[in-house]
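Engineer: The structure follows.
Bear in mind these aren't lab numbers, they're just calculated from the coordinates by the rules spelled out. None of these values were measured; they are calculated from a predicted model. Here the Cβ positions follow ideal geometry from the backbone for every residue, glycine too, while neighbour counts run over all protein chains shown.
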Amino acid sequence: MSSNSDPTYYHIGFGRADLGERPPTLAVISGDPGRARKIARDYLDGAETLSENRGLNSYVGRLPTGQRILSTTSGMGAPSLSIVVNELVQVGVTTILRIGTTGGIQDGVDVGSVVVSSAAHTRQGAARDIAPEGFPASADPFLTVELAKAAEGLGIDHRVGVTASVDTFYEGQERSASSANPHLLRRHLGLTEELRHLGVLNFEMEAGTLFTMGLVYGFRAGCVCGVIAQRSDNEHVDLEAKKRAVDGAIRTALKAAEAFA
Ligand code: URA
């Protein structure tokens, strides 16, 4: 149990004292607590539960190369991620690698493949609490290269480039047919096409705030997402392809993690 000088952090539910003599310095983070648990149990060796608090579950386990890493839940969206990331940094984490899901908006960003985000066009309120409008949101370049090399080496279909990070799954990603709210604000109408013309690869909901935090707080940040929707002509999430896409993102992230853990 943690002492007062080594507090148990309120949201993540553990502290430095729970991490042992050689605490892990790398965390992979997933929005879904089930994915954080699956990564620990199915992809890491000797997984142990650190906490299952408020759905922000955290586990610790070993990579095949022996280093201990954390598998933690960010929760959905940037506000939740910002809290978890803040507390992870306080327990000594220096590399944070998001493993997420995403919707592709370019031809060739196919369902089942993965996207490695080199930077994010950040349309997120949480990021603006941390750094002003116009502040860059770029991933750690070395971690990004390692992610690309990992995907290449594993034979996983991948693209590397700019991601649009937004606060909402429906309005902010120009979904109306599948949404309870068919009335999009004018600034969202045509957004997907506009971003496509700017060369943006995909929509997701956390990377921009993670990258902003990495630059401001001084930790290494990266992101790899499995593509579960192709937004060129529909709003549909492909649950059949999700397993393959997420498995590709997890294997890419854990391979790259070997170089930084
Ligand atoms: N996650 C998102 O944010 N958007 C998608 O389309 C799929 C997953």
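Engineer: What is the calculated FRET efficiency for ARG22 to TYR217, with r their C-beta to C-beta distance and R₀ = 22 Å, to the nearest 0.05? Could the numbers behind the result be given before it?
Structural biologist: On the way: r = 22 Å, r/R0 = 1.02.
Once rounded, the FRET efficiency stands at 0.50.
Engineer: Another one. Round to the nearest 0.05 the FRET efficiency obtained for ASP157 and ASP45 when R0 = 30 Å and r is the Cβ-Cβ distance. Mind dumping the intermediate values first?
Structural biologist: On the way: r = 27 Å, r/R0 = 0.91.
That pair, ASP157 with ASP45, gives E of 0.65.
Engineer: Before anything else, pin down the relative contact order of the range 89-197: Cα pairs under 8 Å, at least 6 apart, normalised by residue count, whole percent.
Structural biologist: Worked out over the range 89-197, it gives 28 percent.
Engineer: Quick one: putting +1 on the C-beta of Lys and Arg, -1 on the C-beta of Asp and Glu, what dipole do you get for the range 53-151 around its Cα centre, in Debye to the nearest 20? Working shown, then result.
Structural biologist: Numbers: 7 positive and 7 negative charges, 64 e Å.
Its charge dipole is roughly 300 debye.
Engineer: Then there's this: In a Gaussian network model over the chain where Cα atoms closer than 10 Å are linked, find which of THR122, THR25, THR65 has the largest mean-square fluctuation.
Structural biologist: Looking only at THR122, THR25, THR65, the biggest GNM fluctuation is shown by THR65.
Engineer: Here's another thing I want to ask about it. What list of ³J(HN,Hα) values in whole Hz, one per residue of the range 131-139 in order, does the Karplus curve 6.51 cos²θ - 1.76 cosθ + 1.60 (θ = phi - 60°) give from phi, with Gly and Pro shown as x?
Structural biologist: Per-residue couplings from phi come out as 8, x, 3, x, 5, x, 10, 10, 6 Hz.
Engineer: Compare GLY218, GLY112, GLY172 in a GNM of the chain, Cα atoms joined below 10 Å, and give the one with the largest fluctuation.
Structural biologist: Of the options given, GLY218 has the highest mean-square fluctuation.
Engineer: Something else about it: Using alpha carbons only, what's the Rg to Rh ratio of the range 109-164 with Rh from Kirkwood? Intermediate results must be reported in sequence, preceding the final value.
Structural biologist: Numbers: Rg = 13.3 Å, Rh = 12.5 Å.
When Rh is taken as the Kirkwood radius, the ratio is 1.07.
Engineer: With point charges of +1 on the Cβ of Lys and Arg and -1 on the Cβ of Asp and Glu, referenced to the Cα centre of the chain, which listed residue (THR163, CYS223, VAL84) lies farthest in the positive direction of the dipole?
Structural biologist: VAL84
Engineer: Turning to a different aspect of this structure: Hey, could you pull the Cα Rg and Dmax for the range 163-261, both in Å?
Structural biologist: 15.5, 47
Engineer: Angle check, please: helix 78-90 long axis (alpha carbons) against the longest principal axis of the chain (alpha carbons), in degrees 0 to 90, nearest 10.
Structural biologist: Roughly 20 degrees between the two axes.
Engineer: On the principal axes of its Cα set, how long, how wide and how thick is the chain? Give whole Å, largest value first.
Structural biologist: Largest to smallest, the principal-axis extents are 52, 39, 32 Å.
Engineer: Looking only at the range 63-199, where both bridge partners belong to it, what percent of the DSSP beta bridges are antiparallel (to the nearest 5)? Don't skip to the answer; put the middle values down first.
Structural biologist: Numbers: 1 of 10 bridges.
Roughly 10 percent of the DSSP beta bridges within the range 63-199 come out antiparallel.
Engineer: I'd like the orientation of helix 141-153 relative to the chain: the angle between its Cα long axis and the longest Cα principal axis, in ° from 0 to 90, rounded to 10.
Structural biologist: The two axes meet at around 80 degrees.
Engineer: 5 Å is the cut-off here: which amide hydrogens, built 1.01 Å from N in the peptide plane, fall below it relative to THR101, excluding neighbours closer than 5 in sequence?
Structural biologist: Excluding prolines and chain starts, which carry no amide H, the hits are GLY226.
Engineer: Right, here's the next one. Give the relative contact order (percent, whole number) for the chain; include only Cα pairs under 8 Å separated by 6+ residues.
Structural biologist: Relative contact order here is 25 percent.
Engineer: Given +1 on the Cβ of Lys and Arg, -1 on the Cβ of Asp and Glu, and no further charges, what dipole in debye does the chain carry about its Cα centre, rounded to the nearest 20?
Structural biologist: Details: 25 positive and 30 negative charges, 55 e Å.
That gives a dipole near 260 debye.
Engineer: Give the shape of the range 37-115 as rounded, prolate or oblate, defined through the alpha-carbon gyration tensor: a ≥ b ≥ c are the square roots of its eigenvalues, a/c under 1.5 means rounded, and otherwise the shape is prolate if a/b is larger than b/c and oblate if not.
Structural biologist: Working: a/c = 2.02, a/b = 1.36, b/c = 1.49.
Judged from the Cα gyration tensor, the range 37-115 comes out oblate (a/c at least 1.5, b/c at or above a/b).
Engineer: Sorted from largest down, give the three principal axis spans of the alpha carbons of the range 81-149, whole angstrom values.
Structural biologist: Taking max minus min along each principal axis of the Cα atoms, the range 81-149 gives 38, 26, 19 Å.
Engineer: Next up: With a 10 Å Cβ neighbour count serving as the proxy for reagent exposure, in which order, fewest first, do MET213, MET76 appear?
Structural biologist: With the sparsest Cβ surroundings first, the list reads MET76, MET213.
Engineer: Once R0 is set to 51 Å, what does the formula 1/(1 + (r/R0)^6) return for the Cβ-Cβ distance between SER232 and GLU133, expressed as a FRET efficiency to the nearest 0.05?
Structural biologist: Working: r = 29 Å, r/R0 = 0.57.
Calculated value: 0.95.
Engineer: Turning to a different aspect of this structure: Figure the gain on full extension for ALA180 and PHE142 (residue separation times 0.36 nm, minus the Cα-Cα span) and round it to one decimal in nm.
Structural biologist: Working: separation 38, 0.36 × 38 = 13.68 nm, distance 4.13 nm.
Once the chain is fully extended between ALA180 and PHE142, it gains 9.5 nm.
Engineer: Then there is this: Which one of SER74, VAL60, VAL111 has its Cα pushed farthest toward the positive end of the charge dipole of the range 59-162, where Lys and Arg give +1 and Asp and Glu give -1 at the Cβ?
Structural biologist: Farthest along the dipole direction, towards plus: VAL60.
Engineer: Could you work out the relative contact order of the range 1-120, using alpha carbon pairs under 8 angstrom and six or more residues apart, expressed as a whole percent?
Structural biologist: Working: 201 pairs, mean separation 32.4, N = 120.
Answer for the range 1-120 is 27 percent.
Engineer: Right, next: Sort ILE12, ILE250 so the one with the fewest other Cβ atoms within 10 Å of its own Cβ comes first. Walk me through the numbers on the way to the answer.
Structural biologist: Numbers: ILE12 27, ILE250 22.
Sorted ascending by nearby Cβ count, the order is ILE250, ILE12.
Engineer: Could you go through the range 16-33 in sequence order and give the Karplus-derived ³J(HN,Hα) for each residue, using 6.51 cos²θ - 1.76 cosθ + 1.60 with θ = phi - 60°, rounded to whole Hz, and x for Gly and Pro?
Structural biologist: 4, 5, 7, 9, x, 6, 10, x, x, 10, 10, 10, 9, 10, 10, x, 9, x
Engineer: Place a +1 charge on the Cβ of each Lys and Arg in the range 1-101 and a -1 charge on the Cβ of each Asp and Glu, then give the dipole magnitude about the Cα centre in debye, rounded to the nearest 20.
Structural biologist: Numbers: 10 positive and 9 negative charges, 45 e Å.
With only Lys, Arg, Asp and Glu charged at Cβ, the dipole is about 220 debye.
Engineer: Taking the DSSP beta bridges in the chain as the whole, what percent of them are antiparallel, to the nearest 5?
Structural biologist: On the way: 15 of 45 bridges.
Roughly 35 percent of the DSSP beta bridges within the chain come out antiparallel.
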